[in-house]
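Asker: Would you mind keeping the following structure in view while I ask a few things?
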Amino acid sequence: MWDAIARVALPPRRKVCRPLDWLPIVIPCAAGGGALVTALWGLLPEGEVHQGGHHQLATFDVAKLSAYPLRPLWANDSLLRRCLVPASGYVASVAGHATAFLPFQEQPTTFAGVFCSLSNEGVPKGTPRRYSFGVITRQRCDRERFGHVAPVVIGVNSRDSWLKTSHQMASGLLGNAQPKLRERQIRAGSTAV
């Protein structure tokens, strides 16, 4: 099934989305609330040992989430594989220029994501469980010149709903209007982001 997911989710010209780093994500906690865990950017199959060999799925287009084989990955209410990815903004290509998009408030925002557990095989005993994750994206078109692919932002008041509710309620969050963001063009050679 993972190969089928990779064929649907990966962009046609880019067969492998390489991981960038380990970072914190928020996953649902059995006792209620959320747990902050360490995760690898680029989703791997459940229980996979992180040594390569599988496509790593960095992003998922919201328009493809409702179809097989992506739907079972995030919409299975008994597994709750939805997560939140804290971020201070994102960078996208707009009209051929790299542009940074940042929230108006100075606090981090959260993106909608899905996660899987990695195998602890070969990891020292006592090491906390590790995870991998991918981010859900959609076409953002505030104005024609800002048309680009952007992460789906989950608002402060909707975070618990994204992590713990039924997939029908979570689906509604994917279609909500995205928040207004400030944008800043990044000049070549800039280290500002």
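The values are calculated or read from the model by the stated rules, or taken from the named source; none is laboratory data. Because the structure is a prediction, the values reported are computed rather than measured. Note that we place each Cβ from the backbone using ideal geometry, even for glycine, and neighbour counts take in every protein chain shown.
Asker: Take Val149 and decide whether it is β-branched (Val, Ile, Thr), modelled with pLDDT under 85 and under 17 Å from Phe60 (Cβ atoms). Before you say what the answer is, go through the steps one by one.
Answerer: Values: β-branched (Val, Ile, Thr): yes; modelled with pLDDT under 85: yes; under 17 Å from Phe60 (Cβ atoms): yes.
In short, yes.
Asker: A further question follows. When the residues of the stretch 167-193 are filtered to those that are closer than 23 Å to Val94 by Cβ and of a type in the set (A, V, I, L, M, F, W, C), which remaining residue is modelled with the highest pLDDT?
Answerer: Residues of the stretch 167-193 closer than 23 Å to Val94 by Cβ: 174-193.
Adding the requirement that they be of a type in the set (A, V, I, L, M, F, W, C) leaves 174, 177, 181, 186, 188, 192-193.
Details: Leu174: 87, Ala177: 64, Leu181: 74, Ile186: 71, Ala188: 60, Ala192: 47, Val193: 44.
Residue satisfying both the conditions and the ranking: Leu174.
Asker: Something else: Could you give every pair whose Cβ atoms fall below 8 Å, whose first residue belongs to the stretch 66-95 and is closer than 20 Å to Pro151 by Cβ, and whose second residue is acidic (Asp, Glu), counting only separations of at least 6 or pairs across chains?
Answerer: What qualifies is Val94/Glu183.
Asker: Another question about this same structure. Which of the residues belonging to the stretch 52-91 are farther than 21 Å from Arg140 by Cα and aromatic (Phe, Trp, Tyr)?
Answerer: Tyr68, Trp74
Asker: Continuing with this model, one more query. Those residues that are surrounded by 11 or more Cβ atoms within 10 Å (Cβ to Cβ), more than 12 Å from Phe133 (Cα to Cα) and at pLDDT 55 or above, I need them from the stretch 10-51; list them, please.
Answerer: Hits for the stretch 10-51 are Pro28, Cys29, Gly33, Gly34, Ala35, Leu36, Gly47, Glu48, Val49, His50.
Asker: Then there's this: Keeping to the stretch 81-112, report how many residues are in a loop (DSSP other than H, G, I, E, B), within 22 Å of Asp61 (Cβ to Cβ) and at pLDDT below 85. Give the steps one after another, and end with the answer.
Answerer: We begin by selecting, within the stretch 81-112, every residue in a loop (DSSP other than H, G, I, E, B); these are 81, 88-89, 95-96, 104-108.
From what is left, the residues that are within 22 Å of Asp61 (Cβ to Cβ) are 81, 89, 95-96.
Now narrow it down to the ones that are at pLDDT below 85: 89, 95-96.
Of the residues in the stretch 81-112, 3 are in a loop (DSSP other than H, G, I, E, B), within 22 Å of Asp61 (Cβ to Cβ) and at pLDDT below 85.
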